[in-house]
Amino acid sequence: MNMDSDLQIAGDILEVPHLLQPAREHPVTVAEFAGLARELAADRALWAPYVEYDATTRWYHRLRTGPGYEIWLLSWLPGQGSGSHDHGPSSGVLTVLEGELTERTERGARTLDAGAQRVFAPGYVHEVVNDSLEPAVSLHVYYPGLTEMPMHESVREQCAAIPDASAPSAPAAPSAPAAHGAVTA
């Protein structure tokens with residue numbers, strides 16, 4: 001017992017309703033949105049009936065909306081990807097429900113197995129691809145709701161444009177002398 005204070009709590013503190021925070025009707029923090037995504041991921045009966053696969057493109061279905069947020073269900077056949085993009089002013093939580101997805105960023109690639117979650121801030125550029133041989137399903141929570149998805153140069157293209165410092169360079173071909181008065185670029 002702390003004798004430095006004359007404050008003592010008598011009785012059950014949980015019976016003092018004005019000291020308790022009311023349960024929130026909707027998530028408002030990153031942790032609450034990630035928790036909502038985990039809760040929905042665990043409820044297979046909620047999302048599984050909506051899963052479809054499209055041979056030509058990723059398939060998606062808006063599963064739920066709330067005040068200022070939306071939740072999307074996506075399916076990915078092998079080889080399908082999002083292209084390099086960001087989510088404008090929206091933050092997000094990506095949760096892999098089934099299968100395996102690869103997330104590529106300028107920092108490298110990361111494999112996301114079923115149950116994995118990624119939380120990202122507005123402006124975060126990434127590319128999500130199903131590099132596996134099996135279909136995948138993911139859940140995406142966006143706050144505020146997704147209003148734009150600007151596309152970027154592919155992360156693979158960015159990496160291909162960077163010369164490999166470990167590769168030996170070929171000697172430069174000798175250039176022909178410019179003719180007198182010729183303009184060279």
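All of the numbers you see were taken from the coordinates with simple rules; none came from a lab. Note that the coordinates shown come from a computational prediction; the quantities given were computed from them, not determined experimentally. Ideal geometry is used to build each Cβ from the backbone, glycine not excepted, and the neighbour counts take in all protein chains shown.
Details
- At an R0 of 30 angstrom, the distance between the Cβ atoms of residue 134 and residue 26 translates into a FRET efficiency of 0.30.
- In this simple spin-label approximation, residue 60 and residue 149 carry label points 7 Å from Cα along the Cα→Cβ vector, and these lie 0.2 nm apart.
- For region 60-96, backbone nitrogen atoms closer than 15 Å to the point 7 Å from residue 113 Cα along Cα-to-C-beta are found at 96.
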